[in-house]
Amino acid sequence: MPKAGKPWITANQVTLGRLVPMPLLAWMIYKGAALGDTRYFWWALVAGTLIGCTDWVDGMLARKYGPTVLGGLLDPIADKVFIAFAYTPFADIGMVPWWACALMFTREFFITALRSAYEQRNLTLKTSYIAKAKTWTQMQGIGVMLLFPLVQNKNILLVAFSIGAALPIIAMIGLWLTRRKFWRGALVMSGSFVALILVFVYDEVYAPRAIMVGIVAITWISGIDYIVIGWKQLRGRGDFSKADGVRLLGSLALPILLFAVLVYTECPRWTIFTILAFELAVGGLDNLLSHHKVATLALAWGGRVLGVSLLLGGALLLKAEATPLTIVATCVSVFGVTAEFVRGRAYYVDALIE
């Protein structure tokens, strides 16, 4: 049972607080790559670790004092924005393939769109354990990617990865001996490091790319229930709507276009980060509003997402005009998403009073 009383800091405040340094994380990765200065990568590693730790802190506070509607909305948004602000620079500086990052976020957008369709029809699918482990794997990947430019000695990296593989197992054994609880997550975390060691020993040059492909594979596998089982249920109802169509179409087009524009044009990078963060955020809100049967209709949703996609497509075709086109796309996204949060505030604003 959640404890009574009010803590000196709430889970929601922690979640909001960890959103603040995320742009700084991206800036440090860019700065380190541009200057060839490993100090920035060290600071990025420290910042990323602290941000990741706050995810555990707000979860602990939510379990201790009770969850809120706002917390349930903000926490997954913060996780996804964190992933976005770390992996987008990796793709831009060539540390990992841009298409792999695009596929990773395509999964996030696509599953979110499917979840909205299911919520509108009272179709519920239990989140699999691998879906929960997916976020841990993505966050682990951030730290691992930052280690490659930091540690040039192959043996030191192997030792670090070996320690990373051993610690979760040790923690799992300790938890079992003290509390008789089996921590399945340790197997996932340890297994990912074992796979990393095998890849690194085979070819250290292509290890970051191979790791990224593995992260993408786990990301998509984690959504297999939603795609296979859920989609079958959705199609079987025979009430697939225009709103479902524009959500799914936008979820497939938007992330691919965002990363293609990022890599192949000279557009301002802040536009890509802003669109990606805002569209990831509104996906969580759309799930909540779909649960209450007040989701945005096809015209409004499609006008924003497909409009942004068309502008991004124009930036790819007319590279000389990429800057104004992406700035307009950003304005459309920010205005549209802000309007969505204002419209749906009655369904989460009560939690702000805490």
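The values are calculated or read from the model by the stated rules, or taken from the named source; none is laboratory data. From a predicted model like this one, the values you see are computed outputs, not experimental measurements. Note: ideal-geometry Cβ built from the backbone for every residue, glycine included; neighbour counts use all protein chains shown.
Residue count for the range 190-213 satisfying the condition of being under 23 Å from the mean Cα position of the chain (by Cα), at pLDDT below 70 and either crowded, with 17+ Cβ neighbours inside 10 Å or not in a helix (DSSP H, G or I) (or both): 3. Inspection of the range 1-17 identifies no residue that is in contact with a Pro (Cβ under 8 Å, 6 or more places away or on another chain) and under 20 Å from THR219 (Cβ atoms).
Taken together, TRP98, TRP42 contain a single residue that is on the phi < 0 side of the Ramachandran plot, in contact with a Phe, Trp or Tyr (Cβ under 7 Å, 6 or more places away or on another chain) and touching a residue at least 24 places away in the same chain (Cβ under 8 Å), which is TRP98. For the range 57-102, the set of residues classified as at pLDDT below 90 and among the hydroxyl-bearing types (Ser, Thr, Tyr) consists of TYR65, THR68, listed by residue number.
Taking the conditions (1) farther than 16 Å from PHE109 by Cβ; (2) surrounded by 15 or more Cβ atoms within 10 Å (Cβ to Cβ) in turn, LEU299 satisfies each one other than (2). Candidates are the residues of the range 139-164 that are small (Gly, Ala, Ser) and touching a residue at least 60 places away in the same chain (Cβ under 8 Å); the one that is surrounded by the most Cβ atoms within 10 Å (Cβ to Cβ) is GLY141. Taken together, THR296, THR323 contain a single residue that is hydroxyl-bearing (Ser, Thr, Tyr), closer than 17 Å to GLU119 by Cα and without any contact (Cβ under 8 Å) to a residue 60 or more places away in the chain, which is THR296. Condition check: surrounded by fewer than 21 Cβ atoms within 10 Å (Cβ to Cβ) and over 18 Å from TRP270 (Cβ atoms). Does GLY66 satisfy that? Yes; evaluated as a whole, the condition is true for this residue. Among the residues that make up the range 120-138, is at least one of them farther than 30 Å from ALA33 by Cα, at pLDDT 80 or above, out of contact with any strand residue (DSSP E or B) (no Cβ under 9 Å at 6 or more places or on another chain) and crowded, with 18+ Cβ neighbours inside 10 Å? Yes: the range 120-138 contains one or more residues that are farther than 30 Å from ALA33 by Cα, at pLDDT 80 or above, out of contact with any strand residue (DSSP E or B) (no Cβ under 9 Å at 6 or more places or on another chain) and crowded, with 18+ Cβ neighbours inside 10 Å. Only one entry in VAL57, VAL14 is aliphatic (A, V, I, L, M), touching an Asp or Glu at 6+ places or on another chain (Cβ under 7 Å), in a helix (DSSP H, G or I) and in contact (Cβ under 8 Å) with a residue 12 or more places away in the chain, namely VAL14.
Condition check ((1) closer than 23 Å to GLY223 by Cβ; (2) hydrophobic (A, V, I, L, M, F, W, C)) across all residues:
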position: MET104; (1), (2): yes, yes
position: GLU108; (1), (2): yes, no
position: GLN120; (1), (2): yes, no
position: THR135; (1), (2): yes, no
position: GLY141; (1), (2): yes, no
position: ILE156; (1), (2): no, yes
position: ALA160; (1), (2): no, yes
position: LEU177; (1), (2): no, yes
position: LYS181; (1), (2): no, no
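The condition (being part of a helix (DSSP H, G or I), buried (at least 16 other Cβ atoms within 10 Å of the Cβ) and over 16 Å from the mean Cα position of the chain (by Cα)) is satisfied by just one residue among ALA47, ALA100: ALA47. Checked against (1) under 26 Å from ALA217 (Cβ atoms); (2) out of contact with any Gly (no Cβ under 8 Å at 6 or more places or on another chain); (3) at pLDDT below 80, PRO168 passes all but condition (2). The residues listed here are SER222, SER241; of these, the one that is buried (at least 16 other Cβ atoms within 10 Å of the Cβ) and at pLDDT below 85 is SER222. Listed by position, the helices (runs of 4 or more DSSP H) inside the range 261-348 whose residues that are among the β-branched types (Val, Ile, Thr) number at least 3 are 269-291, 322-343. Out of curiosity, is ILE83 β-branched (Val, Ile, Thr) and within 22 Å of the chain's Cα centre (by Cα)? Yes: the conditions hold for ILE83. Can TYR40 be described as surrounded by 16 or more Cβ atoms within 10 Å (Cβ to Cβ), outside any loop (DSSP other than H, G, I, E, B), more than 15 Å from the chain's Cα centre (by Cα) and among the hydroxyl-bearing types (Ser, Thr, Tyr)? The answer is yes for TYR40.
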